[in-house]
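Heads up, the thing below is written out as structure tokens.
The values are calculated or read from the model by the stated rules, or taken from the named source; none is laboratory data. Bear in mind that the values here come from a model prediction, so they are computed numbers and not experimental data. So basically every Cβ, Gly included, is an ideal-geometry build from the backbone, and we count neighbours across all protein chains shown. Accessible surface is based on the protein model in full, side chains and every heavy atom, while ligands, DNA and RNA are left aside. Shrake-Rupley method; radii C 1.70, N 1.55, O 1.52, S 1.80 Å.
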Amino acid sequence: MADFDLIVIGSGPGGYVAAIRASQLGLKTAIVEREALGGICLNWGCIPTKALLKSGEKYESLSHLKDYGLSAGSIGFDFDAIIARSRGVAKQLNQGVGFLMKKNRIEVIEGTAKLEKGMAAPKVMIALKAGGSRTVEAKAVILAVGARARAIPQIGLEADGDRIWAYREAMAPKFMPKSIVVIGSGAIGIEFGSFYRALGAEVAVVEALDRIMPVEDEEVSAAARKAFEKRGMTFRTGCKVTRVSTGGKGVQVAIEAGGKAEVLEADVCISAVGITANTDGIGLEALGVNMDRGHITIDGHCQTNVKGLYAIGDCAGAPWLAHKASHEGIHAAEVIAGYKSPHVVSPIAGCTYAQPQVASVGITEQGAREAKREVKVGRFPFKVNGKAIASGETEGFVKTIFDAKTGALIGAHMIGAEVTEMIQGYVTAITMEATEEDIHGIVYPHPTMSEAMHEAALDAYGRTIHL
């Protein structure tokens, strides 16, 4: 007889949400966590980084007080206090997840799990954190084991806790660096670069591809580079990192571009070159679980090829985003509980919380052209938006992409203040298969930044009002 209806391995934003939903549906549920409730996202990723970025944003805004008719005395920052606040935010939310586990009667087992062949689903062998071991069985198992920062030891790109940092070291550093080389210009690299630059560090970002933030629309990517350079960040694109080494009181990053070699020197190097799924050492090979470059292969219902075994979140492939993991966790729990509901796959928005923010959903203009789709594209700059002007936040624009034949909204891309909060409007529109007529007919409150979303949709059809 099984000990539980469901065992969830990993308590990140996918795992703990899956466990809660399963309990709501009447399943006796346990969750196994080897480190801290909330996983990487809550403790070392999504949440504490936003606390750091908010401190950087507040500090940077102090230098623009006179633009608002304000003045202040001496301006400075306490770096240790900034880090302590970020860690405090993570601790508070970690405790919140613990409360949710108790509220929903979910047993939390602290330890490291490994899978072995079982009856209805793989058995879970747990090396307990407090010592000893425990074996538990369930009717189903969800793997929500997440991922870790990718290392490239062949070229010396491996966190050493001193001069070469990954996300953990960058969030809880021993000192405030005066200069940084960031390798990788995705969301993680840009966010850390933005934070440290706001506090005055010299930041150089190295990107292997020909433009920064390469998953974003080309226009947004170009605008982002211009905005970050205005803030003092520098970029090397189309570069290959050949060696990362430490010596003296800093780090040396050797790069090659266009046949020319260069060595960048800084106090520290932050590695933001992607992630590696935590799928090693948990028994997947012996079970015969289908894998794809280290990630678990799943179907549209998060099921693996092994009976009773499901996988969600980062360990199950791109996009590697917390909200995608949570969505998959809820759906997997519902499937396991036999809850009959249509699986609506919502488009997944991407957000970068730098200054300025970047947010996007759906296809890029370049992607649409490459797919030979006929499109109508609209744009609207914040510099002529009333709320943006009043707020002194005129940087950036909104861009919309519609299918020219059907009028369906198929992509939206933004750069500017608080666009990470605005993008959900377009996510909803795409999910509900809105056309240009639907969006044109929506009444947007005035004055708001979101009016730029309306105008960008109007512009795609030559109907913009305020431009």
Looking at the stretch 254-280, which of the residues that are hydrophobic (A, V, I, L, M, F, W, C) and in contact with a Cys (Cβ under 6 Å, 6 or more places away or on another chain) is surrounded by the most Cβ atoms within 10 Å (Cβ to Cβ)?
277
Positions within the stretch 171-185 being modelled with pLDDT under 95 and within 22 Å of the chain's Cα centre (by Cα), in sequence order:
171, 172, 173
Which condition breaks for residue 283 when tested against (1) surrounded by fewer than 15 Cβ atoms within 10 Å (Cβ to Cβ); (2) at positive phi?
(1)
Hey, any hits in the stretch 405-425 for a residue that's over 16 Å from residue 379 (Cβ atoms), open to solvent by less than 30 Å² (accessible area, probe 1.4 Å) and of a type in the set (S, T, N, Q)?
yes
State which residue is most open to solvent (accessible area, probe 1.4 Å) when the search covers only the stretch 91-111 and only residues that are β-branched (Val, Ile, Thr) and in contact with a Gly (Cβ under 9 Å, 6 or more places away or on another chain).
108
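Residue-by-condition table, conditions (1) in contact with a helix residue (DSSP H, G or I) (Cβ under 6 Å, 6 or more places away or on another chain); (2) at pLDDT below 95; (3) not hydroxyl-bearing (Ser, Thr, Tyr):
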site: 168; (1), (2), (3): yes, yes, yes
site: 192; (1), (2), (3): yes, no, yes
site: 202; (1), (2), (3): no, no, yes
site: 207; (1), (2), (3): no, no, yes
site: 223; (1), (2), (3): no, no, yes
site: 238; (1), (2), (3): no, no, yes
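Residue by residue, here is whether (1) modelled with pLDDT of 95 or more; (2) within 30 Å of residue 417 (Cβ to Cβ) holds:
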position: 279; (1), (2): yes, no
position: 293; (1), (2): no, no
position: 342; (1), (2): no, no
position: 358; (1), (2): yes, yes
position: 363; (1), (2): yes, yes
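For every residue, the table says whether it meets (1) on the phi < 0 side of the Ramachandran plot; (2) open to solvent by 50 Å² or more (accessible area, probe 1.4 Å).
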site: 115; (1), (2): yes, no
site: 143; (1), (2): yes, no
site: 146; (1), (2): no, no
site: 154; (1), (2): yes, yes
site: 174; (1), (2): yes, yes
site: 180; (1), (2): yes, no
site: 183; (1), (2): yes, no
In the list 74, 86, which residue meets the criterion of being modelled with pLDDT under 95 and of a type outside the set (Asp, Glu)?
74
Taking the options 216, 169, 207, name whichever one is acidic (Asp, Glu) and open to solvent by 40 Å² or more (accessible area, probe 1.4 Å).
169
Given the criterion in a loop (DSSP other than H, G, I, E, B) and in contact with a strand residue (DSSP E or B) (Cβ under 8 Å, 6 or more places away or on another chain), identify the matching residue among 189, 232.
232
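Here's a check for you: in the stretch 73-85, which residue that is under 22 Å from residue 52 (Cβ atoms) and open to solvent by 70 Å² or more (accessible area, probe 1.4 Å) is farthest from the chain's Cα centre (by Cα)?
My answer is 75.
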Residues satisfying the stated conditions in the stretch 69-85, i.e. outside any helix (DSSP H, G or I) and in contact (Cβ under 8 Å) with a residue 60 or more places away in the chain
77
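Would you mind stating whether residue 226 is without any contact (Cβ under 8 Å) to a residue 60 or more places away in the chain, under 26 Å from residue 48 (Cβ atoms) and open to solvent by 30 Å² or more (accessible area, probe 1.4 Å)?
no
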Having 3 or more residues that are in contact (Cβ under 8 Å) with a residue 60 or more places away in the chain and surrounded by 17 or more Cβ atoms within 10 Å (Cβ to Cβ) is the bar; report the helices (runs of 4 or more DSSP H) wholly within the stretch 315-394 that clear it.
322-336
Taking the stretch 23-45 on its own, how many of its residues are within 17 Å of residue 83 (Cα to Cα), in contact (Cβ under 8 Å) with a residue 60 or more places away in the chain and open to solvent by less than 50 Å² (accessible area, probe 1.4 Å)?
2
Within the group 54, 58, 50, 66, which residue is surrounded by fewer than 24 Cβ atoms within 10 Å (Cβ to Cβ), within 18 Å of the chain's Cα centre (by Cα) and without any contact (Cβ under 8 Å) to a residue 12 or more places away in the chain?
54
